[in-house]
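Enquirer: To start, I am sharing the structure in question, which I have written as structure tokens.
None of the figures in this text is laboratory data; all of them are computed from the coordinates on show. Remember, it's a predicted structure, so these values are computed and weren't measured experimentally. Every residue, glycine as well, gets a Cβ built from its backbone with ideal geometry; the counts of neighbours run over all protein chains shown.
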Amino acid sequence: MVVKNNKRTAKNFLLLLIIFFSFSCKKDDKKFSKQVNIQNITNEHNYAISSKKENDSIILISGESNQYTLQGYKNVKNNEKIGWWKVKDKTNDFLYEIEFLSVNMEKENQIKFYEKGKLINRFSQYYDVIYKNNGYEFKFYFPKYKDEKTRVEFNYMTKNNNTIEDKRIDCKTENDYYICFIPGEKKEKSIAGVATFFSESENKKETTFSSVSMFVNN
């Protein structure tokens, strides 16, 4: 797909991203180490909550329960969490950092799990991106478990000058992450899309297939 020059290219790019994101992301039950359910530990109803007004639409939420502390920002106009939230497990010295996005619905996107201050990649879902060798190098981290066959597919859009392109690439497995390289002569090249983690596991003679998606933007 190529969109040629016109005055509305920037707006079209944003619109395409919203549509792309909405139709590419799949619902999934976010369960990480120790079988913690991310939706449960970020549910404000499970905490004694206090709030501080930042501006007319944004408030800072702070909460505490017997086991956890919670902190993050919320858009009061649509009652949705935004940006990075932190949940501290006081009992086990665990820390969860969860990025929330809002495109038609609230979604947990990136999730980083720390144990005693150390980031544990195999229980996390996030990405890193750097510009090197005339292109962008993306590293995708997804939770991994034993006896799984896995792969990561990156569906993305690029914007160069006034041209938008829609592409797909399979990422290579390296150590505890998946890597994709997107060429780009100029560092300001815009890239956005969805990285999808596909897994296949066998248990009791049954094969289970699953997928988890993460929105990506450089």
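Enquirer: Among the trypsin sites (Lys or Arg not before Pro) in segment 119-203, which ones are in a DSSP loop with at most 13 other Cβ atoms within 10 Å of the Cβ? Mind listing them?
Expert: Of the trypsin sites (Lys or Arg not before Pro), the ones in loops of segment 119-203 whose Cβ has at most 13 other Cβ atoms within 10 Å are 132, 146, 186, 187.
Enquirer: Tell me the GluC sites (Glu not before Pro) within segment 95-197 that lie in a loop according to DSSP and have at most 11 other beta-carbon atoms within 10 Å.
Expert: For GluC sites (Glu not before Pro) across segment 95-197 that sit outside H, G, I, E and B with at most 11 neighbouring Cβ atoms in 10 Å, the list reads 185, 188.
Enquirer: Just flag the chymotrypsin sites (Phe, Trp or Tyr not before Pro) in segment 145-177 sitting in loop per DSSP whose Cβ has no more than 12 other Cβ atoms within 10 Å.
Expert: Listed in order of number, the matching sites are 145.
Enquirer: Relative to the present Cα-Cα distance, how much length would full extension add between residue 120 and residue 133 at 0.36 nm per residue of separation?
Expert: So the chain would gain 1.8 nm between residue 120 and residue 133.
Enquirer: Please compare each pair in 53/139; 132/172; 81/189; 116/149 to a cut-off of 27 Å on the Cα-Cα distance and tell me which ones are over it.
Expert: Going by Cα-Cα distance, 53/139; 81/189; 116/149 fall outside the 27 Å limit.
Enquirer: Give me the net charge for the shell around residue 76: Cβ to Cβ below 13 angstrom, other residues only, Lys and Arg +1, Asp and Glu -1.
Expert: Value of the local net charge: +1.
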